[in-house]
Each structure stands twice: as structure tokens, then as C-alpha cells.
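**Student:** Take this structure first; my questions come after.
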Amino acid sequence: MRKNVSLIIGIVLVLIIIAVWMLSFVLMPYNPNEMNIPNKFLKPDFSSEHILGTDNFGRDILSRIMYGSRNVLLVGIGSVTLGTVIGIFLGAVASMFKRFANTIIMRIMDGLMAFPGILLAMMLVTVVERGIQGSIIAISIFMVPVFARLVYSMILDTEDLLFIKAAKSYGSSKIQIFFRHYIPAMLPKLITQFSSAIGSAVMIETSLSFLGLGIQPPFASWGLMLSESRQFFLIYPYLAVAPGIAIIITVLGFNLIGDGLNDILISRRSQNE
Amino acid sequence: MLSYILHRFKSSIVVLFVVSIITFFVLMIIPGNPAQLILGTDATPEMIEDLHAAMGLDKPLYQQYLGWLLNLLKLNMGKSYVYGESVRTLITKSLPVTISISIFAMAMAVFIAFFFGMISAIKRNSIIDYFSRSIMQLGAAIPSFWIGMVFIVYFGVRLKIFPVSGFVPIEQSFVRFIKSIFLPSVVLAIGEVGTLLRIIRSSMLDSLKQDYMDMAKVKGLSAGKIYIKYALRGALTAPLTIIGMQFAKLAGGTVVVETIFALPGLGRLVLTAVEHRDIVLLQGLVMFITSTVIFITLIVDILVMFLNPRIKSFHQGE
């Protein structure tokens, strides 16, 4: 098999972020929200106490990046997990109970898909309280139709396969068939989609935070850090470097894993044919 | 063929209807009384009640929805309480900004994506292929607000080539208009070019595998003719659909870029509406933007059908 460069780079990048996230629980140099005005705008210096420097309130940027990784991963993974579970459920119900349930569910999914980009998330943030929970709810609803449609079409595709027919003729119930046969058959594709979805969820989260609609100050989030650095960016451009790179590593990592897995899926399928 | 157009038209109407239900009911469960929000904290309970009744908020929800929908069909989207102007006027004023940057951004993205996508496919697994695919991956992962900030500092402040913010209408000065939308468009294009390049590359690869490509080579046609006239033509369907979708989605996806560059477009309006919980404005904007998206998708689908004889005959066969 050809070496899967995307997958390897993706895994390395995601491992870096996970390492940062784990370290944030044991080895955070400073309290990320502690202000220390005399120490403000210290430039990054690897020999100093503040490796990545300090921001306009004298807060340690490294600590804020580390703390921010918790929020980004929590919102990114949390929202996609929630969206996946609801999406799988709705897709399964729609495919198994034809007619009414099918029409209602799939038309609602079509409607949700018609909202462009960040608009749906912004509309939902208006209704829920801003913060971690609000972001998770808003982004998960964005993810639901993606997974519902995927599951729906995969079940319709596999319905006529021999092992499903066999299970039906044995008298397995719909729920049994779903968990024992459909889920394992769909798993590779779901995992692939899951990984790419985390990449886009992180992008939406940072955009919401940047617009002031996500995680609220004084808590650290990479999008918020970038938005706070805007007014000082002309004089202190280093403020925007660390959060920007952190976002790129995370989004790129999950996207590459999704792509790498997708390549494996495609090559496996063409081998089977 | 007509039946296909009719079918697509019908399903667009259904989607639009579902969207209107979602938009209306999601924004109705908002905490707090809209009348209270509009009048502020100084208002007496009587004043709030009067406005509440005047806005029709004391009627049952389904009646409110039907009334809203009817007004929407008459293009009457109500009045924004933040701006004190009708939503329709606000949209008409902001639309040129968003349309300008969307068209400009898509034009750039399409040009770059076709150029590199085709080379990538023709010279598969070459350095150019790897290079353009890596750049594409990176472009999809860089947050637009980050590039925007960097652009403003280097091109706007240091080199002073482009204005840092604001929009100049085309009637005022064409050169300044282009300058004012150039950087925001580039930022948007960077976000869009990756997906497009990927689709162009893969449909080009598919097209290059077809029998008619061998035929064209056997006939001894020039490389340009082979690739542009035959391979590209066969590979156009999927990219066209994606271009349509991307262009449509830009209409709602310009919020971040408009915020960084302080452009008074639709995205700015959406942000203001969300920040101030201006429900009437937000409902109008969401319905306007989503209808545009659905309409453009419909047009592109029909266009693609005309361009691709295979789809045409497939639907005739049905």
C-alpha cells in the first residue's frame, strides 16, 4: 500500500494538540486569566519566564493557548459527537420508517442544509446563552443533517445486501439489525466524516469566538485571543501568531486525518471491485 | 427535461417552506420579551403591553407565523429596531457590498482552481500536483480572520497599497472600488479555492480516463485542444455545481471578512442583528440569504443539466 502521508501528518498534528491539552491539566506555567499589568506586552523569548510573551493585560500567552485548547477540543469534539449521535438516530429512523417519518425528517434536514455557512450557528447563538454550551448546541445542529443524510443513504444502499436480508429472514428486529449489521458496515465512513467534521467545527467555534458570539471573556479561546489582539496587532503582531498557528494545526490535523482515512476507504473499495 | 425542471422547482419551494418554519420558530423561543427589548428598561408595563399587542405577539404562534409568511411573500419584512429602518431598505443598501466581494472572490477562486486543478490532474503525482494540493489543504485550515489581519497590516498599513477598511461604491470611483474590495475578496477566495481545486482535479482525472480521450490522442489533436476541448468539457459538471453552491454560500459566509475589513455588507447586518437580538432584522436577513442560496442552486442545477447531455438524456429516459 502507498504510504498515506495525509494520515500520518494529520495524526502527528492532532497528537501535538492532544499533548498540549493534557499538559494544560498538569503543567500550566501561569493562571491563564491572571492579569499582571506591569508585565504587559512582553515579546516572545524562549529564555524568559513567558516563552510566548504576554498580552495587553500581562497574561501569559502560552498558558492561555494551553487553556484555550480545552475549550476548542471540548466544543469541537463535543458538538460533532452530539451532532453525530442525533444525526445517526434521525437518519436511521428516516430510513426504517418510510413515508411519514422519512418525509418529515429528510425535509427538515434539507432545510437545515440550505443555511449557508456560519449563518445557522449565528442564528442559534442568538437563542441560546453564549459560551461553551451555547457553542456546542449551535455547532451540533449544524452537523446533524450531514450525518443524518450520510446514514440515510448508506442504509438505503446496504438494505438489499445479502447479509441484511439474511438477518431479516432470521427474524432479527430492526433495532438488532441496526446495531449488529448497519453500524459496523457504516463505521469506516462515519469515522472519516467525524474527523473532517471536527475540523470544520473548530473553524466555526473560533469564528464565533472571534465575532464575540462564542466563549466569553475573560476565558481563553483562540478565536477570542485573535479578536483581542486586533487593536494591538499593528504594534505587537506577535500577539496573533500563537493562536493563529494553534488553530491551523488543529484544523489541518483533523482535516488531514479525514482525507487520509477517505483515501484508504476509496482504495479498499477499488480493490474489492 | 421539463419534468426535471418542474421537479427541482417543487423541491426548492418545499425546502424554502421548511427554512421559513425553522427560522420563525427558532427565533420565537428566544428568552425575553421583544417589546421590552425594543422599548428598553424605562418603559412602563402599559407601553410594553401596547407594543406587544401592536406587534401581534399576543396571538397564537401559528397565526403569527402565517401573518409573517404572508408579509414575507409581499416582500414586507418589517422594521429593524436597532436601525429604525425597514429591513428591505437595509438589505438593498448592503447588498452591493456583499455581491461585489462574492463575485470578485469567486472569479479569483475559479481561475486559480481551474489553472492548478487541471495541471494537477494532467501532471498527476508531479511536484506541481503535490504543491498545489498541500497549499490547498493549508488554505482550508487557515482562519480567514487571521489572514485578513495579516493582509491589513502588510498591504494596508506597511505598504499602503490598499485601504485598511471601508467600502467605496463603484459609482464613486472604479479604481477605489476595486481597491476597497480586493483584500477581502482574496481572503474569501483563499477559503474557497481548496474545495474547488479538489473537485476539478478529481473530475479531470475521471475525464482523462474516458475512451474519448484516447480517441482524441489517436486523432493527433494538439495538447491544448485535447485538454481544453475534450477533457475539460467532460469534467465541467461537478465543478459547476460546486461553484454555484460556493457562490451561494458566500452570501452568508462573508460575516467574518466584512467584520475585519469593516465593510457595510449583509454579514455586518447579520452580526448586528445577532448582537442586539434584533429578531425582525435577523428573520428577514436569514430568509433573504437562504432564499438566494436556494435560488442560485436551482439555477445552477438547471444550467448543468443543459450543459451535460448525459444528464439530459438520463432524465428524458425516465
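The values are calculated or read from the model by the stated rules, or taken from the named source; none is laboratory data. Values in this document were obtained by computation on a predicted structure and should not be read as measured data. Positions of Cβ are backbone-derived with ideal geometry, glycine not excepted, and every protein chain shown enters the neighbour counts.
**Student:** Regarding the stretch A:120-140, can at least one residue be identified that is within 14 Å of chain B (Cβ to nearest Cβ), outside any helix (DSSP H, G or I) and free of Cβ contacts under 8 Å to residues at least 60 places away in the same chain?
**Tutor:** yes
**Student:** For the stretch B:230-262, which residues satisfy the criterion of being within 11 Å of chain A (Cβ to nearest Cβ) and not hydrophobic (A, V, I, L, M, F, W, C)?
**Tutor:** B:246, B:249, B:252, B:253, B:254, B:258, B:259
**Student:** Then there's this: Mind listing whichever residues of the stretch B:150-184 are outside any helix (DSSP H, G or I), away from chain A (no Cβ under 14 Å) and out of contact with any Gly (no Cβ under 8 Å at 6 or more places or on another chain)?
**Tutor:** B:161, B:166, B:168, B:169, B:170, B:171, B:172, B:173
**Student:** Any residue in the stretch B:165-177 that's among the polar types (S, T, N, Q): show its pairings with residues that are in a loop (DSSP other than H, G, I, E, B) at Cβ separation under 6 Å, as long as the two are six or more apart or on different chains.
**Tutor:** Going by the 6 Å Cβ cut-off, the qualifying pairs are B:165/B:261; B:165/B:262.
**Student:** Please find, among B:310, B:268, B:277, the residue that is surrounded by 15 or more Cβ atoms within 10 Å (Cβ to Cβ) and modelled with pLDDT under 85.
**Tutor:** Answer to the selection: B:277.
**Student:** Please tell me if residue B:118 is more than 13 Å from the chain's Cα centre (by Cα) and modelled with pLDDT under 90.
**Tutor:** For residue B:118, the condition - more than 13 Å from the chain's Cα centre (by Cα) and modelled with pLDDT under 90 - is met.
**Student:** Quick one: residue A:95 ticks every box in (1) without any contact (Cβ under 8 Å) to a residue 40 or more places away in the chain; (2) more than 11 Å from chain B (Cβ to nearest Cβ); (3) not hydrophobic (A, V, I, L, M, F, W, C) except a single one, so which number is it?
**Tutor:** (1)
**Student:** Name the pairs whose Cβ atoms lie under 8 Å apart, with the first residue in the stretch B:297-312 and assigned by TED's automatic domain parsing to the domain that holds residue B:236, the second of a type in the set (Ser, Thr, Tyr) and modelled with pLDDT under 80, and 6 or more positions between them or separate chains?
**Tutor:** B:304/B:237; B:307/B:237; B:308/B:237; B:311/B:237
Yes/no matrix, rows are residues, columns are (1) in contact with a Leu (Cβ under 9 Å, 6 or more places away or on another chain); (2) of a type in the set (A, V, I, L, M); (3) surrounded by fewer than 17 Cβ atoms within 10 Å (Cβ to Cβ); (4) more than 30 Å from residue A:259 (Cα to Cα):
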| site | (1), (2), (3), (4) |
| --- | --- |
| B:159 | no, yes, yes, yes |
| B:163 | yes, no, no, yes |
| B:166 | yes, no, yes, yes |
| B:169 | no, no, yes, yes |
| B:180 | yes, no, no, yes |
| B:186 | no, yes, no, no |
| B:193 | no, yes, no, no |
| B:197 | no, yes, no, no |
| B:201 | no, no, no, no |
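**Student:** A further question on this structure: Please determine whether any residue of the stretch A:155-167 is among the hydroxyl-bearing types (Ser, Thr, Tyr), more than 30 Å from residue B:283 (Cα to Cα) and more than 17 Å from the chain's Cα centre (by Cα).
**Tutor:** Yes, there is a match, as at least one residue in the stretch A:155-167 is among the hydroxyl-bearing types (Ser, Thr, Tyr), more than 30 Å from residue B:283 (Cα to Cα) and more than 17 Å from the chain's Cα centre (by Cα).
**Student:** Which ones in the stretch A:191-212 are outside any helix (DSSP H, G or I) and either more than 7 Å from chain B (Cβ to nearest Cβ) or under 11 Å from residue A:77 (Cα atoms) (or both)?
**Tutor:** The answer is A:212, and nothing else.
**Student:** Okay, next question. Please state which of the following conditions residue A:167 fails to meet, knowing it meets all the rest: (1) closer than 30 Å to residue B:274 by Cβ; (2) among the aliphatic types (A, V, I, L, M); (3) surrounded by 16 or more Cβ atoms within 10 Å (Cβ to Cβ).
**Tutor:** (1) is the only condition that residue A:167 fails.
**Student:** Has the stretch A:213-224 got at least one residue that is farther than 19 Å from residue A:55 by Cα, modelled with pLDDT under 90, touching a helix residue (DSSP H, G or I) at 6+ places or on another chain (Cβ under 8 Å) and not in a helix (DSSP H, G or I)?
**Tutor:** Looking for residues that are farther than 19 Å from residue A:55 by Cα, modelled with pLDDT under 90, touching a helix residue (DSSP H, G or I) at 6+ places or on another chain (Cβ under 8 Å) and not in a helix (DSSP H, G or I), one finds at least one in the stretch A:213-224, hence yes.
**Student:** Here's another thing I want to ask about it. Taking the residues in the stretch A:225-246 that are outside any helix (DSSP H, G or I) and at the interface with chain B (Cβ under 9 Å from one of its Cβ atoms) as candidates, determine which candidate is nearest to residue B:144 (Cα to Cα).
**Tutor:** Going through the qualifying residues, I end up with A:233.
**Student:** Taking the conditions exactly as written (surrounded by 15 or more Cβ atoms within 10 Å (Cβ to Cβ), under 18 Å from residue B:204 (Cα atoms) and either touching a Ser or Thr at 6+ places or on another chain (Cβ under 9 Å) or without any contact (Cβ under 8 Å) to a residue 12 or more places away in the chain (or both)), does residue B:136 satisfy them or not?
**Tutor:** Values: surrounded by 15 or more Cβ atoms within 10 Å (Cβ to Cβ): yes; under 18 Å from residue B:204 (Cα atoms): yes; either touching a Ser or Thr at 6+ places or on another chain (Cβ under 9 Å) or without any contact (Cβ under 8 Å) to a residue 12 or more places away in the chain (or both): yes.
Considered against the rule, which asks whether it is surrounded by 15 or more Cβ atoms within 10 Å (Cβ to Cβ), under 18 Å from residue B:204 (Cα atoms) and either touching a Ser or Thr at 6+ places or on another chain (Cβ under 9 Å) or without any contact (Cβ under 8 Å) to a residue 12 or more places away in the chain (or both), residue B:136 comes out as yes.
**Student:** Could you please find all residues in the stretch A:213-223 being more than 11 Å from chain B (Cβ to nearest Cβ) and either within 16 Å of residue A:21 (Cβ to Cβ) or buried (at least 24 other Cβ atoms within 10 Å of the Cβ) (or both)?
**Tutor:** Passing the criteria: A:214, A:215, A:219, A:220, A:221.
**Student:** Does residue A:107 satisfy the condition of being within 12 Å of another protein chain (Cβ to nearest Cβ) and either at pLDDT 95 or above or assigned to a helix (DSSP H, G or I) (or both)?
**Tutor:** For residue A:107, the condition - within 12 Å of another protein chain (Cβ to nearest Cβ) and either at pLDDT 95 or above or assigned to a helix (DSSP H, G or I) (or both) - is met.
**Student:** Also: Which residue out of B:147, B:91 is aliphatic (A, V, I, L, M), touching a residue at least 24 places away in the same chain (Cβ under 8 Å), in contact with a Gly (Cβ under 9 Å, 6 or more places away or on another chain) and within 10 Å of another protein chain (Cβ to nearest Cβ)?
**Tutor:** None of the other options fit; the residue is B:147.
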